1. Determine whether segment A:162-172 contains at least one residue that is open to solvent by less than 10 Å² (accessible area, probe 1.4 Å), part of a loop (DSSP other than H, G, I, E, B) and without any contact (Cβ under 8 Å) to a residue 40 or more places away in the chain.
2. Output yes when any residue across segment A:358-375 is under 16 Å from the mean Cα position of the chain (by Cα) and among the small types (Gly, Ala, Ser), and no when none is.
3. Just give me the residues in segment A:173-202 being in contact (Cβ under 8 Å) with a residue 12 or more places away in the chain, over 21 Å from residue A:103 (Cα atoms) and more than 17 Å from the chain's Cα centre (by Cα), in sequence order.
4. On the given criteria, is residue A:331 in a helix (DSSP H, G or I) and touching a His at 6+ places or on another chain (Cβ under 9 Å)?
5. For residue A:313, all conditions in the list (1) within 14 Å of chain B (Cβ to nearest Cβ); (2) within 14 Å of the ligand (Cβ to nearest atom); (3) in a loop (DSSP other than H, G, I, E, B) hold save one; what is the number of the exception?
6. Tally up the residues in segment A:199-217 that are within 15 Å of residue A:373 (Cα to Cα) and open to solvent by 10 Å² or more (accessible area, probe 1.4 Å), please.
7. Could you list, in sequence order, all residues of segment A:232-268 that are within 17 Å of residue A:352 (Cβ to Cβ), hydroxyl-bearing (Ser, Thr, Tyr) and within 20 Å of the chain's Cα centre (by Cα)?
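The values are calculated or read from the model by the stated rules, or taken from the named source; none is laboratory data. Computed from a predicted model, the values in this text were never measured in an experiment. We place every Cβ from the backbone using ideal geometry, glycine too, and count neighbours over all the protein chains shown. For the accessible areas, the whole protein counts, side chains as well, though only heavy atoms, and no ligand, DNA or RNA atoms are used. Shrake-Rupley method; radii C 1.70, N 1.55, O 1.52, S 1.80 Å.
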Amino acid sequence: MLTSMPNHKGRYGDFGGKYVPETLMAPLEELESALDEAMQDEDFLKQYNEELKEYAGRPTPLTYADKLTKELGGAEIYLKREDLLHTGAHKLNNAIGQALLAKRMGKDKIIAETGAGQHGVASATVAAKLGLSCKVFMGEEDIRRQELNVFRMKLLGAEVISVSSGNGTLKDATNEAIRYWVANCEDHFYLIGSVVGPHPYPRMVRNFQRIIGDETKEQMTRDIDRIYACVGGGSNAIGMFYPFLEDEVELVGIEAAGKGVDTPEHAATLTKGTPGVIHGSLTYLMQDENGQIVEPYSISAGLDYPGIGPEHANLFKTKRVRYESITDDEALDAVKRMSRAEGIIPAIESAHAIAQAIKEAKEMSKDQAIVINVSGRGDKDMATLMEHFTEEGLQ
Amino acid sequence: MMKQQTLFQGKLTKQKDLFIPFIVAGDPHPDKTIQYALRLQEAGADVLELGVPYSDPLADGPVIQKAARRALDAGMSLRKAVEMVPELRKAGLNIPVVIFTYYNPVLQYGHEAFIDALEENGVEGLLIPDLPLEESEDLNERTKEKDIELISLVAPTSEERIKRIAEQARGFLYCVSSLGVTGERKEMAPETLSFIEKVKEHSSVPVAVGFGISSNDQVQLMRKHADGFIIGSKIVKLIESSLEVEKSGDEQEGLRHFSDEVNELVQA
Ligand SMILES: Cc1ncc(COP(=O)(O)O)c(C=O)c1O
């Protein structure tokens, strides 16, 4: 059964595991036993759920997109509104869970990596709330294109560490966060932002994100035919999909095609990648014939990552989830369309899911229904959007 | 009954005071790697750790990251690094060679083809820093069949894992001196020595200490407390400075400078 994965070795079918330096093996074992204890502890779960409700603003609504549905003339479109969560994206669900665990383990220093800056902001936010110190590693290029989030993190009291290796994006930030963790693992907690990394991270992050799918199931008053979510590392997607894995619902994950999957500039890991090891996990990744990791590209910093969570690798291989890809231009069009149809400005990441859903919804019949996970809001992307939409573009 | 010696053990001339330098294959150019390897042998190296450059080396600090970048830009790969070993032999390198590589290039090569290539090219050992005991079963079996040592690492965090890892260690046991990635350390933490003691209790192969060793004082300390010492970042730095010397003089002068510096670093 797909829902009973991973096994005790952290495997999802062939994927997952722990490919890390020996120094990190004991900290990972410590994390796993602390996590398993916490997840059995009523008080811990109560605290997690209370923070989600009273602090983060859960449950997030499920909004019927009536105008977009009418315009397209096909399936009914519902939006899961993670954009309305405190700090503006689904990332906070996971950050709250892990930060509470860090505290329970007696570690009051957290480190995090970030791409779009949403996970960095979420980590800085819970660190402030729970009284933890917070260092966020962020690629140079992402610091440039997500300037607003960099300022938010600093305002929240976090230290932002600029990473210049590689393309200066999420992969490089993650490398540096792991290196820092190797040196400081005794008193630091590494708060990973997606369902990537060595076991037990992919399982832990999924379990802290499954609230998205659990709520959707409860909120939906009719059958769902398809669910769409964008995939960077894959946390909003697995959070949405996991509770539906054993149901008769078609699940669609959308990767970033950047300038096109037939160009070298994309981040379509499953569409174009092959199995390999990245950041401690056996999964699919973008690499050359010698096993060197290839630099990805996407306009959206949150999807600009050459790997993907191992659970997605298995859902891809077993064909339980269908994975598609959307280009920069298609995503930008979807941002504009959603803004004008529903008065919701989505994050460019989320717009990848919206673009794919728009393509398919019109081909579906009126008595069908789809859900799109709107993983975050577009505020953080204003600088990028302003570069791309000239005055004429906004006509 | 005496256990039969492995190829690696047969080539080791001693069991203590092992000097194990690390260089990145192809840094800054394959021909240069051969020159440096020979100079290191002359300076008394007992084992050569030949590093394969990787795009995303998680266990490495900035010095080795930069060397890897130089080597990758010069076209180095896992395949080419392994195929370099016969050339090293031809040029006169007799000491055992351990290929140091991250796991992903091995996975792309294919376990079987890779171990065959190690055997064909006369490589005596293999070290994969991101392949812990739990994930190494298949390669462990395959290397044993071909009489190649799969070197294990223990770290200061290993604690209860030390016994398990040390008891099955082959070739030599790589003892990570302190938390963190590769790179020079000004001082060795006092806990390092008790950690080495503990590892030696459980190990039947020589215990060599690496990560951060960069001065003659540290070398002396390791001579006293461990069976060997591994020097990586510092050797790479010496290569960098020999290249600087070369720029203003000739190649021989650069190499001479390198030898002098290495001799000074490891002198008794
Ligand atoms: C709004 C939003 N959606 C999606 C992602 C991609 O991450 P994941 O695939 O883990 O959900 C990010 C990452 O930064 C994000 O900010």
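1. First pass over segment A:162-172, keeping only residues open to solvent by less than 10 Å² (accessible area, probe 1.4 Å): A:163, A:168-169, A:171-172.
Subsequent filtering for residues that are part of a loop (DSSP other than H, G, I, E, B) retains A:168-169.
In the following step, the residues that additionally are without any contact (Cβ under 8 Å) to a residue 40 or more places away in the chain were identified as A:168.
Within segment A:162-172, one or more residues are open to solvent by less than 10 Å² (accessible area, probe 1.4 Å), part of a loop (DSSP other than H, G, I, E, B) and without any contact (Cβ under 8 Å) to a residue 40 or more places away in the chain.
2. In the first step, residues of segment A:358-375 are kept if they are under 16 Å from the mean Cα position of the chain (by Cα); the result is A:372-375.
From what's left, among the small types (Gly, Ala, Ser): A:375.
So far as segment A:358-375 goes, yes, one or more of its residues are under 16 Å from the mean Cα position of the chain (by Cα) and among the small types (Gly, Ala, Ser).
3. If the condition is that a residue be in contact (Cβ under 8 Å) with a residue 12 or more places away in the chain, over 21 Å from residue A:103 (Cα atoms) and more than 17 Å from the chain's Cα centre (by Cα), then A:175, A:176 are the ones that fit.
4. Numbers: in a helix (DSSP H, G or I): yes; touching a His at 6+ places or on another chain (Cβ under 9 Å): yes.
So residue A:331 fits the description; yes.
5. (3)
6. Number of matching residues: 5.
7. Taking segment A:232-268 and keeping what is within 17 Å of residue A:352 (Cβ to Cβ), we get A:232-241, A:251-261, A:263, A:265-268.
This time we only want the ones that are hydroxyl-bearing (Ser, Thr, Tyr), so: A:235, A:263.
A:235, the sole residue that qualifies.
Residue by residue, here is whether (1) of a type outside the set (D, E, K, R); (2) within 16 Å of the ligand (Cβ to nearest atom); (3) assigned by the TED database to the domain that holds residue A:127 holds:
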residue	(1), (2), (3)
A:153	yes, yes, yes
A:159	no, no, yes
A:164	yes, no, yes
A:177	yes, yes, yes
A:182	yes, no, yes
